[in-house]
Amino acid sequence: MNWLAEFDAIAETSTDGAAARILDRIAFGSLILLAIGAPHSIAVTQGAWLLGMTAFVIRLFFKPRPDLRFSAVGIGLLALFGWTAVSSIFSYEPAISINKLRATSVLLIFLYALNVIRNRRAVHLIAFTLIGSCMVAVAWTPIQKLIGRGVQVYQVSANSPLTALGVRDGDVIVRANGKRVNSPAEVVAQFDGREYIELEMNRLDGVYRIQLSKQAFLDGSTDEAKLGFGTWNRGRGFRSAGFYGHFTTFAEMLQLVGSLAVGLFVAAFMVGAPGRTITAAAVCVAGIGMALLLSVTRSSQLALMISAMTSVLLGASRKVILICVVLAIPVSALGLFYLQNQRQVGFFDNKDGSIMWRQMMWRDGYRLLTESPRHIIVGIGMDSIKNRWLEWGLFDKGHQPMGHFHSTPMQLAVERGIPALVIWLVVLGIYARMLWRGLRLHRGSDWRSVGILLGCAGGLVGFFASGIVHSNLVDQEVAMIFYLMMAFGVSLSMMPPAEDVLRADAPILQPS
């Protein structure tokens, strides 16, 4: 049972009473499970968080009670939640907005993790678990590409029922009536007892749906002939999404966890850690970078580059900084080439439909925000546009796809008011200051702690940068990882360094 004794030491479980010890184990074990599930499943992540937080709250009623820690960051997050609740009450659609508060409450993950993590070893364990779990999704990404998915159609005839519905060569049938299909036979089988089925189609990175009628089938002895195309294969041009349902969520997760891996790599390299340690960190960074490339998500790719440069600037020598700048040139060129090949757009392409759509949403968001003092103070309410979009003239009055404002600052300001945006920016500012303090406090200390702090600093910058063009704060899967990493950074900044006495003028990293 040595492993259990080690677990108790890392978790600092209570020695006074079996019930308190069991609750401490559940709370800390759930945090490990949360780190395992976060890169893959929102259900596992939320389930682990609720179980762990419940155990921790019950633990407060047992003696000796653990000291509650909030920190300035935690107080700011609670203020943001409070203002969001006020905004929801004054929402144009209060029922929808109040219901949305459940999603916003994931910020409590920060307070849960901050209070369960009680020493550096716990931070290291959870951080390494998060990276290790992410590497499972990274390993799955090229395998998923090789296997392929859906039915990619070619030689679509002029009289095909698919042609009449706008399908063209190279399009991929992904689902039929909501069920994944991998052959023409599986598509046709969905007509069993039905006259119409809905097909979900992929074209490059776009998704569209069509209603296919059985009566429109052509005469033919094969399923391909009935559907009116000559050949097919498994589609492989899709944007990688790991085990998530959407590539943007996957990319944002990779950007955050990748930031953590980069920080640890920089720290390990600068202190001259064992070769196998540096190699393992390099493999993680390279694997995450490749998976992010296959997601073909421009903003997250750029955010990780900004994040990596932040970690390098904070933790590396001038020589290493220069080498990284030189290496960034071919890496960027490769990314641009792959992006152009996969999405047929440039990195900053004003003719790209997704950029034009974002610009439309930002214009509409600014118009909504400034047309009423009420909107400036408390916003329109979370998700109220779902019922009021036509009244407010959004989405080009229905001619464009529905969505959100595709910018965290814009989303906060429009839905919750300017005060919510100000609170969020103050929280990020306080967090940045604590990370800087933590880096100075731990200078010359354990490289793993410094590496995690560097990764958190890079992740903060990358998350903010990506949030300018993505509403990543309202993406629960991404937000939960960000709050978990925030707990890493704040916890370490509140802990004393590993050594008792450190030179005040020591570099942030030095060889051990």
Conditions first: (1) free of Cβ contacts under 8 Å to residues at least 24 places away in the same chain; (2) under 25 Å from the mean Cα position of the chain (by Cα); (3) farther than 30 Å from Ala261 by Cα. Lys179 passes all but one, so which condition is the exception? (2)
Within the range 132-148, identify whether any single residue is assigned to a loop (DSSP other than H, G, I, E, B) and within 30 Å of Met53 (Cα to Cα), and answer yes or no. no
Can you report the number of residues in the range 238-247 which are in contact (Cβ under 8 Å) with a residue 12 or more places away in the chain, surrounded by fewer than 21 Cβ atoms within 10 Å (Cβ to Cβ) and not hydrophobic (A, V, I, L, M, F, W, C)? 1
Could we say that Ser300 is buried (at least 24 other Cβ atoms within 10 Å of the Cβ), in contact (Cβ under 8 Å) with a residue 24 or more places away in the chain, in contact with a Phe, Trp or Tyr (Cβ under 6 Å, 6 or more places away or on another chain) and closer than 22 Å to Thr248 by Cα here? no
Complete set of residues in the range 153-176 that are surrounded by fewer than 15 Cβ atoms within 10 Å (Cβ to Cβ) and part of a loop (DSSP other than H, G, I, E, B): Ser157, Ala158, Asn159, Gly166, Arg168, Asp169, Gly170
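Residue-wise test of (1) within 24 Å of Ser299 (Cβ to Cβ); (2) among the acidic types (Asp, Glu).
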| site | (1), (2) |
| --- | --- |
| Glu391 | no, yes |
| Ser407 | yes, no |
| Glu415 | yes, yes |
| Ala420 | yes, no |
| Leu425 | yes, no |
| Ile430 | no, no |
| Trp447 | no, no |
| Ile452 | no, no |
| Gly455 | yes, no |
Checking Gly263, Gly228 in turn, the sole residue that is in contact with a Leu (Cβ under 9 Å, 6 or more places away or on another chain), in the same structural domain as Val474 (by TED's automatic domain parsing), buried (at least 19 other Cβ atoms within 10 Å of the Cβ) and in contact (Cβ under 8 Å) with a residue 40 or more places away in the chain turns out to be Gly263
Condition first: farther than 20 Å from Thr222 by Cα and in contact with a strand residue (DSSP E or B) (Cβ under 8 Å, 6 or more places away or on another chain). Now tell me which residues in the range 181-204 satisfy that. Glu198, Glu200, Met201, Asn202, Arg203
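Conditions tested, residue by residue: (1) modelled with pLDDT under 90; (2) of a type in the set (A, V, I, L, M, F, W, C); (3) surrounded by fewer than 18 Cβ atoms within 10 Å (Cβ to Cβ).
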site	(1), (2), (3)
Ala185	no, yes, yes
Gln190	no, no, no
Arg194	yes, no, yes
Glu198	no, no, yes
Asn202	yes, no, no
Leu212	no, yes, no
Gln215	yes, no, yes
Asp219	yes, no, yes
Glu224	no, no, no
Within the range 432-447, can you find the residues that are in a helix (DSSP H, G or I) and in contact with a Leu (Cβ under 7 Å, 6 or more places away or on another chain)? Ala432, Leu435, Gly438, Leu439, Trp447
Would you check if there is a residue in the range 439-451 being of a type in the set (Phe, Trp, Tyr), surrounded by fewer than 24 Cβ atoms within 10 Å (Cβ to Cβ) and over 30 Å from Arg388 (Cα atoms)? no
Inside the range 230-241, can you point out the residues that are under 21 Å from Gly206 (Cα atoms) and modelled with pLDDT of 90 or more? Trp232, Asn233, Arg234
Failed condition for Thr248, given (1) assigned by TED's automatic domain parsing to the domain that holds Trp140; (2) assigned to a loop (DSSP other than H, G, I, E, B); (3) of a type in the set (Val, Ile, Thr): (2)
Looking only at the range 345-355, decide whether some residue is at pLDDT below 90, hydroxyl-bearing (Ser, Thr, Tyr) and outside any loop (DSSP other than H, G, I, E, B). yes
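A quick yes/no check of all residues on (1) of a type in the set (Gly, Ala, Ser); (2) assigned to a helix (DSSP H, G or I); (3) farther than 17 Å from Tyr154 by Cβ:
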position: Asp192; (1), (2), (3): no, no, yes
position: Ile197; (1), (2), (3): no, no, yes
position: Asn202; (1), (2), (3): no, no, no
position: Gln211; (1), (2), (3): no, no, yes
position: Ser221; (1), (2), (3): yes, no, yes
From the option list Leu264, Leu294, single residue qualifying as part of a helix (DSSP H, G or I) and more than 20 Å from Pro142 (Cβ to Cβ) is Leu264
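The values are calculated or read from the model by the stated rules, or taken from the named source; none is laboratory data. Here the structure is a predicted model, which is why all the values come from computation and not from measurement. Note that each Cβ is placed from the backbone with ideal geometry, even for glycine, and that neighbours are counted across all protein chains shown.
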